[in-house]
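Peer 1: Okay, handing you the structure first.
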């Protein structure tokens, strides 16, 4: 048992904080892309486009059924050997792509369930006035499904933030990668990884506060 | 002129509507009565294609929809001409009272926001809810929600307004204000088809009452004839129970 090197840890904080923007950028970009992709897949699962349905089912099944790390390796190290234009892709882009595909599969299922959770009367009211499927989805159903799905989606975003640490395995120096490099130089592994753990923790807690505000905002229309 | 010919709706093979023929003149106010489960609501829902009838023809003005062959475009066209008032109000939960009324004006009629908002405020004033324009449905009483629901249907300017038991889900204290609003709409000779269990209201408002039983129209006529001198035995029995 030895004492923690607190000075070293304090000194590491500003260094690792410098990587927070990259972490947030990767998670944020993947979240936006995954939300779009997941919404499209969820809507497809609800309206059942012939010829597309099996593709979406297969996609969701594969990306939920295999580990994120395996998917990242498959994209970054594997695919470029087969598909030539992918050799240009850097680790950050590959990580964003991997996170997007992986989490969109989960999010599609949450959004689909949320769409199914919108009261039948809302569909009927929209249909009765002659709105098209697309108008109904965009203006009535999806906004209400968003409220239902929001807590789950924020959870996936939290998972994504933590998932960005895997980009380190693709050679990206992000927060985890930087901590690893620092530790390799100082041999203070426990200190370095403890600091990085606490930083992720604080980041996620900050998001939880954001989630509360988001829910208050989304519940605005439902206050009695 | 609105006419329905041979309208048939089967759920799992069992006919709920059995070759319904019905003609409604412009400005006519028709009330449908009958025991529950006899297809009254299904008739209304089929006229708006919320339930899809298997057979029959619906004619509204120059629009003719053959149920067996109705395309998406036919269905949308029919819905644009028939405004539906739901038993459970079915206001868009994510939109304010005013936005509920504006919604179809923007999406279906293609009006711009300002014009739709102006029309919605007019309608809200008619429903007596101008001070609730920015309230969401969850913050309104049942009676207020249904008045917005009726306003939403009024704003469209539909050829036919369909009321599906508009007061059945309301607490008794709210029934009066909703019936008053429907009366006001009726006074303008808006063509309407109303399913209701409020017999006194039916007598006041209807040009004609239609009695349905077992998916068919059994008897119809002016309120005085139908309610005071019923001929059909089933109608007599029904009236003796509800009176």
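Peer 1: Could you tell me the distance between the Cα centroids of the range B:36-68 and the range A:53-123, to the nearest Å?
Peer 2: 43
Peer 1: Also, I was wondering about something else. Post the alpha-carbon centroid distance, the range A:128-157 to the range B:168-243, in whole angstrom.
Peer 2: Value for the Cα centre distance between the two parts: 38 Å.
Peer 1: Let me know the shape class of chain B, please: from the alpha-carbon gyration tensor, a ≥ b ≥ c as square roots of the eigenvalues, rounded when a/c is under 1.5, otherwise prolate if a/b is greater than b/c, or oblate.
Peer 2: Because a/c hits 1.5 or more and a/b fails to exceed b/c, chain B counts as oblate.
Peer 1: Just want the ordering: B:212, A:160, from fewest to most Cβ atoms lying within 10 Å of their own Cβ.
Peer 2: A:160, B:212
Peer 1: Can you give the mean number of other chain Cβ atoms that lie within 10 Å of the Cβ atoms in peptide A:115-125?
Peer 2: Mean partner shielding for this stretch: 4.
Peer 1: Using just the helices of chain B, give the 222 nm mean residue ellipticity in deg cm²/dmol: DSSP H runs with n ≥ 4 each add -39,500 (n - 2.57), and the total is spread over all residues, rounded to 500.
Peer 2: Computed ellipticity for chain B at 222 nm equals -12000 deg cm²/dmol.
Peer 1: Stretched out fully, how many nm does the piece from residue A:193 to residue A:152 gain, at 0.36 nm a residue minus the Cα gap?
Peer 2: Contour length minus Cα-Cα distance gives 12.0 nm.
Peer 1: Here is a further query. Give me B:197, A:102 ranked fewest to most by other Cβ atoms within 10 Å of their Cβ, as a rough exposure proxy.
Peer 2: B:197, A:102
Peer 1: I'd like to compare A:197-209, A:120-132, B:57-69: which one has the highest average count of other Cβ atoms within 10 Å, and what's the full order after that?
Peer 2: Ranked from most to least packed, the peptides come out as A:120-132, B:57-69, A:197-209.
Peer 1: Does the protein assembly as shown classify as rounded, prolate or oblate by the C-alpha gyration tensor (a ≥ b ≥ c root eigenvalues; a/c under 1.5 gives rounded; else a/b over b/c gives prolate, otherwise oblate)?
Peer 2: Note, shape of the protein assembly as shown comes out prolate.
Peer 1: Is there a simple number for the mean count of other chain Cβ atoms within 10 Å of the Cβ of residues in B:84-93, and what is it?
Peer 2: If you average over the peptide's residues, the count of other-chain Cβ atoms is 5.
Peer 1: Enter the mean number of other protein chain beta carbons within 10 Å of the beta carbon of each residue in A:134-145, as an integer.
Peer 2: Partner-chain Cβ atoms within 10 Å, mean over residues of A:134-145: 3.
Peer 1: Classify the range A:6-222: rounded, prolate or oblate, from the alpha-carbon gyration tensor (a ≥ b ≥ c, eigenvalue square roots; a/c under 1.5 rounded; otherwise prolate if a/b is larger than b/c)?
Peer 2: It comes out oblate by the Cα gyration axes.
We did not get these values from a lab; they are worked out from the coordinates using the rules stated. What you see is a predicted model; the values in this text were computed from it and never measured. No Cβ is skipped: glycine too gets one built from the backbone with ideal geometry, and neighbour counts run over all protein chains shown.
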